[in-house]
Amino acid sequence: MQTSMTLKNILPTLRSNYVTALSIFMAILTIVAVYRVDLGIIVNEALQSEVVSHIILVPLVVSYLLYRKREMIRASIVFEKAQATRMASIKDFLGIALCISALLLYWYGSYTFYALEYHLISLPIFIIGITLILFGAKALRVLIFPILFLLFLIPLPSEVIYTAGTLLAYFNTQASYALLKSFGLPVTLTFSYASPSIVVNNASGPISFAVDLACSGMYSLIAFIMFATFLAYLARGSVWKKAVLFILGFVILQILNIVRISSIVLVGHSLG
C-alpha cells in the first residue's frame, strides 16, 4: 500500500519534469530553426572581425546567468503550473502576439539594408513570446535579463562605429598631445580626413603616429559596456551606485587609452 502511494506521488513529478524538458527542447529547436542562418553569420563575423569579437562571449554569459538562476526558474515554472487559471489564456495571447510581432519584424528586416540587425532585434522578442506561452509570466520575470542580454549580439551599424570612433580618436589624441606637451616633448598635432596624428619632431626627422579607429578605444568601449552591464546586474547595491561605477569605469577606460597612446609616442621618441 505504501509503495503504491509512493508511486502515485512520484509519477506526476516525473511526468511534469518530462513535459518541462520537452517544452524547453521544442523552444530551443524552434529558435534554432528560425534564426540558425543569422546566428551562423554573426558567429562567423565575431571570429573574423575585431569590432564584434565580444559577441563570442555573449552565449557564455547568458548560459552562466541561466545556470545561476536555475533554481528560481524551476520554482517559477512549478508555481505557474500550480496557479493555472484563466490568466493562462491571457499570457498565451500575449505570447502569441509577441511571436507574431517578432516574425513580422524579421520579415520586414529581410527587405532592408540591415537585415541581420532587424533579425537579431526580433530574437529577444520571439524568445519572450515563447517563454510566456510555455512557462508563464513568473518565469519570464526571472529570465528577462538573460533574454535582453542577447541584444549584445546585434552589431552596431558601421556608420555609428565610425562616427563614435572618430570622436573618441580626436578626443584621445588631443588629450595625449596635451599630456606629452606638458612633459616637454617636441610634438605637434595634425588632422587629416582619415585620422588625427601626433608628430614627434626628432633630430632624425619627424615621426607620425596616427590614431585611427582601431586605436581610438571604440572596440574596448563596446566590450566594456557589455561587461559593465553584466557586472552591474550581479553586483548588490542601489541603482545610482551602479550608475556611478559605470561612469567611473568609462572615465578610467578613456584615461588608460590616453596613457597607452602617450606611452607609444614616448617609446617612439626615445627609440626612434
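The values are calculated or read from the model by the stated rules, or taken from the named source; none is laboratory data. Just so you know, these numbers come straight off a predicted model, no measurement behind them. Please note: Cβ atoms are built from the backbone with ideal geometry, for glycine as well, and neighbour counts cover all protein chains shown. Accessible surface areas use protein heavy atoms only, side chains included; no ligands, DNA or RNA. Shrake-Rupley method; radii C 1.70, N 1.55, O 1.52, S 1.80 Å.
Remarks
- Condition met for Tyr108 (at pLDDT 85 or above, closer than 21 Å to Ile130 by Cα and open to solvent by 90 Å² or more (accessible area, probe 1.4 Å)): yes
- Pick from the range 204-217, criterion outside any strand (DSSP E or B) and out of contact with any Ser or Thr (no Cβ under 9 Å at 6 or more places or on another chain), ranking: farthest from Glu50 (Cα to Cα): Ser204
- From the list Ile10, Ile31, Ile96, the lone residue that is more than 29 Å from Leu234 (Cβ to Cβ), modelled with pLDDT of 80 or more and aliphatic (A, V, I, L, M) is Ile96.
- Of the residues screened, Pro157 is one that is out of contact with any helix residue (DSSP H, G or I) (no Cβ under 6 Å at 6 or more places or on another chain), closer than 30 Å to Val61 by Cα and open to solvent by less than 60 Å² (accessible area, probe 1.4 Å).
- Ala115 passes every criterion in (1) crowded, with 18+ Cβ neighbours inside 10 Å; (2) without any contact (Cβ under 8 Å) to a residue 60 or more places away in the chain; (3) within 19 Å of the chain's Cα centre (by Cα) apart from (1).
- Of all residues in the range 235-272, those that are surrounded by 14 or more Cβ atoms within 10 Å (Cβ to Cβ) and among the small types (Gly, Ala, Ser) total 3.
- Qualifying residue in the range 182-203 (condition: hydrophobic (A, V, I, L, M, F, W, C), in a helix (DSSP H, G or I) and open to solvent by less than 80 Å² (accessible area, probe 1.4 Å)): no
- Qualifying residues in the range 204-214 (those that are at pLDDT 80 or above and either touching a Phe, Trp or Tyr at 6+ places or on another chain (Cβ under 9 Å) or of a type in the set (Val, Ile, Thr) (or both)) - the one surrounded by the fewest Cβ atoms within 10 Å (Cβ to Cβ): Ile207
- Test result for Ala232, within 29 Å of Leu60 (Cα to Cα), open to solvent by less than 80 Å² (accessible area, probe 1.4 Å) and modelled with pLDDT of 80 or more: yes
- Some residue of the range 58-68 being in a helix (DSSP H, G or I), basic (Lys, Arg) and at pLDDT 80 or above: yes
- Taken over the range 134-155, the criterion of being under 17 Å from Phe93 (Cα atoms) and of a type in the set (A, V, I, L, M) is satisfied by Leu134, Ala137, Ala139, Leu140.
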